[in-house]
Every structure is written in structure tokens, then in C-alpha cells.
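Here the structure comes first, spelled out in C-alpha cells, and everything after it is commentary.
Bear in mind that the values in this text are calculations on the coordinates, not laboratory data. All figures in this text were calculated on a predicted structure; none of them were measured in a lab. We place every Cβ from the backbone using ideal geometry, glycine too, and count neighbours over all the protein chains shown.
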Amino acid sequence: MAEMKRTTKPTTNRGGNRRRRHKHRQWFLRQRKKQLRRDMRKKRRGDSGARPLSGLHLNMHTKGSVSSDRERRITIQLPAVLDFDENYEQSASHFAVLREAIHKRKKIRSLDFSSIESISPSAALVLASEVDQWNQQVGRRLRANLPSWKDDIKRLLCQMGYFELLELEKPEEAWPTKSITFLKFKRGQANAENSGQLAKQLRIEIETLVEQRIKKHFLFEGLSEAITNVGQHAYRDEVDSRRKQWWLSASYDEDERKLCVTFYDQGDGIPVTLPRYRFFERIKDVFNSWTDSQKIEAATQIGRSASGLEERGKGLQNLVEFAKVHSVGKLSIYSLQGMYVQSYTNDGTNASQTSARKDFDNSIGGTLIEWSVTL
């Protein structure tokens, strides 16, 4: 008898297939919900997909103006008013985000200058220092949408040297003549041999700008001493030479005959370096209870430095003296989270002096010395 072949039907796992289809359907629904949420966020923002940036320390002043695209490239929109006198917290906060992004080597897509309505000389110098640090440490070009800049802002930044920093071609248009002229910022290296020459060069440029001889002794000696102090104290523990730098600039308002000179470094700050000075023994018992502004005030009033030499540590006093010999003068010192200001008036008969201190929530990221006089 022929042997009959026995065939068996393959068995199917209907229950397992249903479970797989169910899981796939649930996964698809979750993905769809995520996409709908992304679309809704994009619609509410009205942008091209930028989203709040993670990985940087944002606060109430910056969380709405710092964002990143899908490639995690950062866009920082600068505020309408960049001015430490009028808008300190917002200005310092935006500079802090830019500084942190540079130190962490984040990808910065662009700096948005389009919202800026006004910028003070001191804020412009601090911003220049950050962009300069980006060029040196990261080296990738920062995008800037030049046509969106206000004419006054474009003129100021062009005079200060921003077009070179951002590798932008200088526009050929002629801007309306303004009474304020800005000198191109200068960058120096801590302990460099040419530091004194840079201070002298700025003094000569100022003399040419104001068309008269200024009280050059106090100006030149004060600036030279400030530069020396940066080398001796500000960057004591810093090993990266690209970080051990300072920046210097000036502006002159011809209508008001107001001269402003600004010096900035990103070092440890006066409140941190003060214990390194020999006179610290006089204040050590109360030092820890002081705010940053009180420590800055102490630095302006006690003049002997850690070197023990009378000619050292008098940079702040020399700047004060320069302000005193003019009809109106002011010295402002910002360091870390503190600010100390001395103001002077002298009409030839009577002289008066006032001072003020203030502490802030955010740090300026070093020390800024800003001084102005009426010539």
C-alpha cells in the first residue's frame, strides 16, 4: 500500500499578532501626539523651530531671548538697551550667557543685534571683549544680520571695530554726522611688554580727538597702573594665555565735551583679589561680612598693594584725581556683583564730592572701570 504523506497546517498565533498590532498602534499614537505638541509650540512661538536652550544657565532676563535650532546652534537676541547704568541686570545676564557659551564651546549660530536701540560705551566694550574671546577660543564666524541694525548702532560698532571682529564688510553708506565719536577698542595681554605703549597710544588718540592737551599725567599713569594690576592680580591662577587679557576704549561727545574712558578685564575681580593685598590685615576681621560693593570701595581708599611699593596699587586713586581736576567728573567701578561710584563737581570756587554703592544679582564677569569727565 502506498504510504500516504501526512501534511500539517502551520499554526498561527493570533493573540501574539494582535498584541504586536496594538503596541505598534500605541507607538504611532504617541509619536503623533509628540508631533502635534511640537507643532503647537512652534505655532505659539511663531518662529522657524527654535526652542529654549538647555545646557546654559538662563534667568528671567535671558530665557526668552536665547534659543537653539534642531542642530543645537544657539541664537542670542541682545536686549533693546545695553547699558550698565540704565539696564544692568539684563545687560550683564546676556553677556554672561555669551561668556558661558564660549567657555563651553557651544555652537553659536548668530548674535541678533536687531533689537538694540541704544548701547553705552562700557557695554559696547564688554560685548566686544566677548566677541573677541569667541574669535580667539572657538574661531568660527559669528553670523550677524547687518541690514537689521539701527544706523546709530551700526555707526558706533563700526567705529569700535566690530566689523573686523565679525568679519563684516564695512558699509559704504554715509551716516549722519553725530556729536559722539568712538575710538576703536584695544586688546592687551596681561604682563605684555607693549602694555604701556597701548595706553600711551590711546592717550595720543584722545588728545587728537578732543583737540587739546588733557591732564595726561593722571590719565596715563592711572591706565598704566590698572594694566599692571591686571597682570599682577586678576589672572593669577589662569593658565590659558588667551584668557589673560584686557580691553580698553574711549568716546567723546563734542556737544557736551564729555570724555569717557573704559577699561575691562575678565579676571578674578576686586572682591576676590583684595585679600592678596598687604593692607588686607587692616580689614580682614570685617571682610567676610562685606558685599562686593563695599570691597570695591575699600580698594579705592587703601592704596598700598601686595608689592609693598608706594607707586603700586594707586591706579584707582590716579583715576579719581583725574576726575577731580575737571568741572564734572565721575569714576564708576563694577566688579563681580558690585558697583562703586565717585562723582565730583568743581566750578572753580566750590568743589563737592559724592559716592554711591550698589550690589546686583548678576556678575559683570570681571572688573570694569569707567570714567568720564567734562573738559
Discussion item. Can you order the peptides 246-253, 17-24 by their average number of other Cβ atoms within 10 Å per residue, highest first?
Written reply: 246-253, 17-24
Item to complete: Quote the FRET efficiency, to the nearest 0.05, computed for R243 versus K215 with a Förster distance R0 of 25 Å and r equal to the Cβ-Cβ distance.
Response: 0.15
Worksheet item: Got a sec? How would K107, K34 order by Cβ neighbour count within 10 Å, fewest to most?
Response: K34, K107
Worksheet item: Among K200/K330; K104/K184; K150/K324, which pairs are too far apart, with a Cα-Cα distance over 30 Å?
Response: K150/K324
Item to complete: Using per-residue counts of other Cβ atoms within 10 Å, averaged over each peptide, order 326-332, 188-194 from highest down.
Response: 326-332, 188-194
Worksheet, complete the sentence: Using the Cα gyration tensor of the range 94-244, the equivalent ellipsoid's semi-axes, largest first and to the nearest Å, work out to 27, 24, 12
Worksheet, complete the sentence: Listing Y334, Y344, Y88 by rising number of other beta-carbon atoms within 10 angstrom, fewest first, gives Y88, Y344, Y334
Response to the item:
Once both label points are put 7 Å beyond Cα along the C-beta direction, the Q31-E164 separation in nm becomes 5.4 nm
Worksheet item: Between A356 and D285, what FRET efficiency comes out of the Förster formula 1/(1 + (r/R0)^6) with R0 = 35 Å and r the beta carbon distance, rounded to 0.05?
Response: 0.90
Worksheet item: How do D69, D265, D132 line up, fewest other C-beta atoms within 10 Å first?
Response: D69, D132, D265
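Hey, any idea what the orientation-averaged projected area of the convex hull of the range 178-375's Cα atoms comes to, in nm²?
Hull-based average projected area comes out at 11.9 nm².
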